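Take a look at the structure set out below.
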Amino acid sequence: MIEHLLTLDARDPLAHKRAEFTLPEGVVYLDGNSLGAMPRAVPDRLARVLHGEWGEALIRSWTAGADRGEDWMALPDRVAAKVARLIGAQAHEVAVGDSTSVNLFKVLAAALHLNPDRRVILTDAENFPTDLYVAQGLGELLGRGHELRRVPAREIAAQLTPDVAAVLLTEVDYRTGERLDMAAVTAAAHAQGVLTVWDLAHSAGAFPVDLRGAGADFAVGCGYKYLNGGPGAPAFVFVAERHLPHAPTALSGWMGHADPFEMERSYRPAENARRFVVGTPQVLSLSALDTALDVFEDVNLGDLRAKSLSLTDTFIELMAPLGERFPLTLATPLDHARRGSQVSYRHPDAARVMARLTGRGIIGDFRTPDILRFGFTPLYHSHLDVARAVLGVQAVLEEQA
Ligand SMILES: Cc1ncc(COP(=O)(O)O)c(C=O)c1O
Ligand SMILES: Nc1ccccc1C(=O)C[C@H](N)C(=O)O
């Protein structure tokens, strides 16, 4: 078996990418779906921004290099263009800034505005909490009788009734790693006059996303997971070109204005998705994300997906014998089309198992109530790492038995 894994690693077209990350010795880091590892080039970039651009050039950095598009003002747009490639969007459909939660509020507000005669936001009952809270809060704030209707993900297509304004879904479930069929759900929603809002937190950078191909209306996602932008990295927002002229910005700030330094008395939004940038761009964290995204520059996204599936297949295969000896139940679909880039198991004592695994340097996540979650990152994992992780799980389960 080990020979087979070594052969897979020897043939891995992405093997060289690992050297572009800083990872601690002796750790198998299976938590890039919560906080991605640090790309090696980030500290130097931040040092340049801190000492040169902030320390020396000071206020001039907002506009210095504008002719080459290197000014701080254009930084959100440069980062947006890099994200666009990873999510199958055009650069002018993407904006970067704020958090995923805040961006969710903006696009959901726009979607509800574009579908004014309907009052239901349909969502997966098990959606990530922030998605549920933002939708609930926005509905209450609007004070027009909006209802957040939570149904099991599998029933979404059957629940697209004429009262539904928007469907809010996370493409890859944060607990089980189950991936929804974005194109099919979007087509079904559109057939019923429903707009779609996709949360790509566990998709962007994990595999190629095709928002345009799917015909999606709106999307958001995190900068700090598979995009490796660092803790609290700015998030992204996608608005399909056809909605841009009509999509209102619930938070209309001066940095989303068509010409911020004109200081006009009334708001005139930028024509592109830049209108969804609200206030002053977070230059330090945007710079880290900008450099982190360069890691993807020479990456073929088909290779990324193929390797992700090979890693998760290998993990599932090597874990199978443990499932016969211990109370472990696979929670992730075997079907490739329904899988993201993580594998999860249910275990009655999952919290303790994960604490012990972490103690051994196998870092994954426990998710309430009983989920052991292992995130695989095709840019910095080898098949040998997968085997090390399984040996760690075996040791912990044997210790606990
Ligand atoms: C599906 C999903 N949406 C959103 C978030 C996070 O949103 P924020 O970055 O605003 O905390 C996460 C993880 O924290 C997530 O898993
Ligand atoms: N942003 C965080 C801050 C602190 C701890 C975890 C997170 C996560 O991102 C969790 C992740 N969304 C998850 O799917 O579990």
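The values are calculated or read from the model by the stated rules, or taken from the named source; none is laboratory data. What you are looking at is a predicted structure, and each value in this text was computed from that prediction instead of being measured. Every residue, glycine as well, gets a Cβ built from its backbone with ideal geometry; the counts of neighbours run over all protein chains shown. Note: accessible area is taken over every heavy atom of the protein model, side chains too, but ligands, DNA and RNA are not part of it. Shrake-Rupley method; radii C 1.70, N 1.55, O 1.52, S 1.80 Å.
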**Report entry** Residue-span extension gain [R154 to T329] - 0.36 nm each, minus C-alpha spacing
**Finding:** 61.0 nm
Query - Separation between Cα centres of the range 115-163 and the range 353-401, rounded to whole Å - result: 35
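Nothing charged except the Cβ atoms of Lys and Arg (+1) and of Asp and Glu (-1): what's the magnitude of the dipole of the range 48-294 about its Cα centre? Round to the nearest 20 debye. Before the final figure, lay out the partial values.
Numbers: 22 positive and 30 negative charges, 33 e Å.
Charge dipole, the range 48-294, about its Cα centre: 160 debye, nearest 20.
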Query raised in the report: Which of the GluC sites (Glu not before Pro) across the range 1-44 are loop residues per DSSP, with 10 or fewer other Cβ within 10 Å?
Result: E25
Report summary line: Given backbone amide H placed at 1.01 Å from N, residues whose amide H is under 5 Å from that of I362, ignoring those fewer than 5 places away on the same chain, are V28
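Just the number please: accessible area per residue for the chain, 1.4 Å probe, all protein chains included, in Å². Present the calculation step by step, with values, prior to reporting the outcome.
On the way: 16750 Å² over 401 residues.
On a per-residue basis, 42 Å².
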Report summary line: Residue by residue through the range 255-261, the couplings from Karplus 6.51 cos²θ - 1.76 cosθ + 1.60 with θ = phi - 60°, in Hz, x for Gly and Pro, are 7, x, 6, 4, 8, x, 7
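Using a probe of 1.4 angstrom, how much of the accessible area of the range 265-315 is carbon and sulfur, in percent?
49
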Query raised in the report: Tell me, what ³J(HN,Hα) does each residue in the range 139-153 have, in order and in whole Hz, if you take phi through Karplus 6.51 cos²θ - 1.76 cosθ + 1.60 with θ = phi - 60° and put x for Gly and Pro?
Result: x, 5, 4, 5, x, 10, x, 5, 10, 8, 9, 9, 10, x, 3
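Return the calculated 222 nm mean residue ellipticity for the chain, to the nearest 500 deg cm²/dmol, obtained by summing -39500 (n - 2.57) across DSSP H runs with n ≥ 4 and dividing by the residue count. Don't skip to the end; give the middle numbers.
Working: 11 runs with 136 residues, N = 401.
That comes out to -10500 deg cm²/dmol.
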Query raised in the report: With a ≥ b ≥ c the root eigenvalues of the C-alpha gyration tensor of the chain, is it rounded (a/c under 1.5), prolate (a/b larger than b/c) or oblate?
Result: oblate
**Report entry** Paramagnetic reach from A401 in the range 317-349 [backbone N under 11 Å; point 7 Å along Cα→Cβ]
**Finding:** 322-327
Report summary line: Sorted on mean Cβ neighbours within 10 Å (highest first), peptides 87-100, 26-39 come out as 87-100, 26-39
Query - Under-5 Å amide H pairs with A64, H placed in peptide plane, nonlocal only - result: W72
Query raised in the report: Which percent, nearest 5, of DSSP beta bridges in the range 48-294 are antiparallel?
Result: 35
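Taking a ≥ b ≥ c as the square roots of the Cα gyration tensor eigenvalues, with a/c under 1.5 meaning rounded and otherwise prolate when a/b beats b/c, else oblate, which class fits the range 11-108? Write down the numbers at each step before the final one.
Details: a/c = 1.86, a/b = 1.26, b/c = 1.48.
Since a/c reaches 1.5 but b/c is at least a/b, the shape of the range 11-108 is classed as oblate.
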Query raised in the report: Label A355 and E126 with points 7 Å out from Cα along Cα→Cβ: what is the distance between them in nm?
Result: 2.5
Query raised in the report: Residue by residue through the range 282-288, which ³J(HN,Hα) values in whole Hz follow from phi under the Karplus form 6.51 cos²θ - 1.76 cosθ + 1.60 (θ = phi - 60°), with glycine and proline marked x?
Result: 7, 4, 5, 6, 5, 5, 4
Query raised in the report: Using the Cα gyration tensor of the range 212-298, with a ≥ b ≥ c the square roots of its eigenvalues, what is the shape: rounded (a/c below 1.5), prolate (a/b larger than b/c) or oblate (neither)?
Result: oblate
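Ranking request for peptides 317-325, 392-400, 260-268: highest mean number of other beta-carbon atoms within 10 Å first, then the rest in descending order. Intermediate results must be reported in sequence, preceding the final value.
Working: 317-325: 13.3, 392-400: 16.8, 260-268: 10.3.
Top to bottom by mean Cβ count within 10 Å: 392-400, 317-325, 260-268.
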Query raised in the report: Working out 0.36 nm times the residue gap between A15 and A47, then minus their Cα-Cα distance, what length gain in nm do you get to one decimal?
Result: 8.7 nm
Query raised in the report: Farthest toward the dipole's positive end in the chain, which of L286, A84, V120, given Cβ charges of +1 (Lys, Arg) and -1 (Asp, Glu) about the Cα centre?
Result: V120
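Highest mean first, what order results for 372-378, 353-359, 11-17 on Cβ atoms within 10 Å? Could the numbers behind the result be given before it?
Numbers: 372-378: 26.3, 353-359: 18.1, 11-17: 15.4.
In decreasing order of mean packing, 372-378, 353-359, 11-17 become 372-378, 353-359, 11-17.
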Query - 5 angstrom amide H check on R149, placed H, neighbours 5+ away - result: I121, L122, T123
Query raised in the report: Along the Cα-to-C-beta direction of S252, a point sits 7 Å from the Cα; which residues of the range 272-290 have their amide N less than 19 Å from that point?
Result: 272-280
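Considering only protein heavy atoms and a 1.4 Å probe, what is the carbon-and-sulfur percentage of the accessible area of the range 126-180? Walk me through the numbers before you get to the answer.
Details: 1360 of 2570 Å².
Whole-percent figure for carbon plus sulfur exposure: 53.
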